[in-house]
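These notes concern the structure reproduced below.
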Amino acid sequence: MSTRDSVQIPDDRDFGLFRTQCDSEDGWTLTYSKSGIVVWVQMLEGEKSLHKIKCRMDCRDVAADTLYDVLHDIEYRKKWDTNVIETFDIGKLTVNADVGYYSWKCPKPLKNRDVITLRSWLPMGSDYIIMNYSVKHPKYPPRKDMVRAVSIQTGYLIQGKGPGHCSLTYLAQVDPKGSLPKWVVNKSSQFLAPKP
């Protein structure tokens, strides 16, 4: 799903590929592991490629369905996501896909970023996937006060581990755009991960 010539709602194959990337450690470099939080980076070929980052954390005392609801609720996101500026749904496409807007604060001197994404989700028993990629929308062109980022592939895999226990895997490949060279973006992703 990393290269798209047209907008397509993810199907079972796409969800399966996303899950495989979340579960696999092949081709990933471990960069951090402490206190139930693990971070990997996948270095992709070529200097112009953006690396992928994957974080996994063990969530004790949180049920998988509760975490899924928290991640899925855009109104509640404003309470726990300290970087969010604005987020809203643009339109529903199917029972498990929509298009939405999200903007976030960036550290100075960078301009804040925003993104329009096609988001899809799939409950699978006690496991859940929420994933997205960037799309364009004629009613929401890039704003002058923001830099329009591109989500190549971003999402969450929530895996139930028993009553009141789950794991959360976050997988992202995002181009923040603007005047940042790819090597700076790739290098800085190492610093955004937790420190030992």
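Brief remarks follow.
- Length-normalised contact order of the chain in % [C-alpha pairs under 8 Å, at least 6 apart]: 23
- In this structure Glu86 has an accessible area near 70 Å², from a 1.4 Å probe over the protein heavy atoms.
- Rg in Å to one decimal, and Dmax rounded to a whole Å, for the range 80-154 via C-alpha atoms: 13.6, 44
- With 10 Å bins beginning at zero, the pair-distance distribution over Cα atoms of the range 1-102 amounts to 11, 29, 43, 17, 0 %.
- Whole-Hz Karplus values for the range 117-128 come out as 10, 8, 10, 10, 9, 8, x, 9, x, 8, 10, 9 Hz, taken residue by residue from phi with 6.51 cos²θ - 1.76 cosθ + 1.60 and θ = phi - 60°; glycine and proline positions read x.
- Among the protein heavy atoms, those of Leu44 account for about 50 Å² of accessible surface (1.4 Å probe, every chain in place).
- Exposure ranking of Arg19, Arg60 by accessible area [1.4 Å probe, largest first]: Arg60, Arg19
- Using a Förster distance of 35 Å, the FRET efficiency for Leu30-Tyr140 (Cβ separation, nearest 0.05): 0.40
- Label positions at Val84 and Tyr170, each projected 7 Å from the Cα along the C-beta direction, are separated by 1.3 nm.
- Alpha-carbon Rg/Rh ratio, for the chain, with Rh computed the Kirkwood way: 0.94
- Greater than 26 Å apart at Cα, pairs in Lys92/Lys139; Lys52/Lys111; Lys52/Lys139; Lys34/Lys177; Lys111/Lys136; Lys34/Lys108: Lys52/Lys139; Lys34/Lys177; Lys34/Lys108
- Tail weight of P(r) past 15 Å, computed on alpha-carbon pairs of the range 71-112, percent: 48
- Rounded percent of accessible protein surface that carbon and sulfur make up, the chain, 1.4 Å probe: 55
- Going by accessible surface with a 1.4 Å probe and the largest first, Trp80, Trp28 read Trp80, Trp28.
- With helices as the sole contributors, the chain gives -6000 deg cm²/dmol at 222 nm; each DSSP H run of n ≥ 4 counts as -39500 (n - 2.57), and the sum is divided by every residue.
- Taking all protein chains together and a 1.4 Å probe, the residues Asp98, Asp73 rank Asp73, Asp98 from largest to smallest accessible area.
- Rolling a 1.4 angstrom probe over the protein heavy atoms with all chains in place gives the chain an accessible area of 58 Å² per residue.
The values are calculated or read from the model by the stated rules, or taken from the named source; none is laboratory data. Just so you know, these numbers come straight off a predicted model, no measurement behind them. All Cβ positions, glycine included, derive from the backbone under ideal geometry; neighbour counts span all protein chains shown. These accessible areas exclude ligands, DNA and RNA; they are computed on the full protein's heavy atoms, side chains included. Shrake-Rupley method; radii C 1.70, N 1.55, O 1.52, S 1.80 Å.
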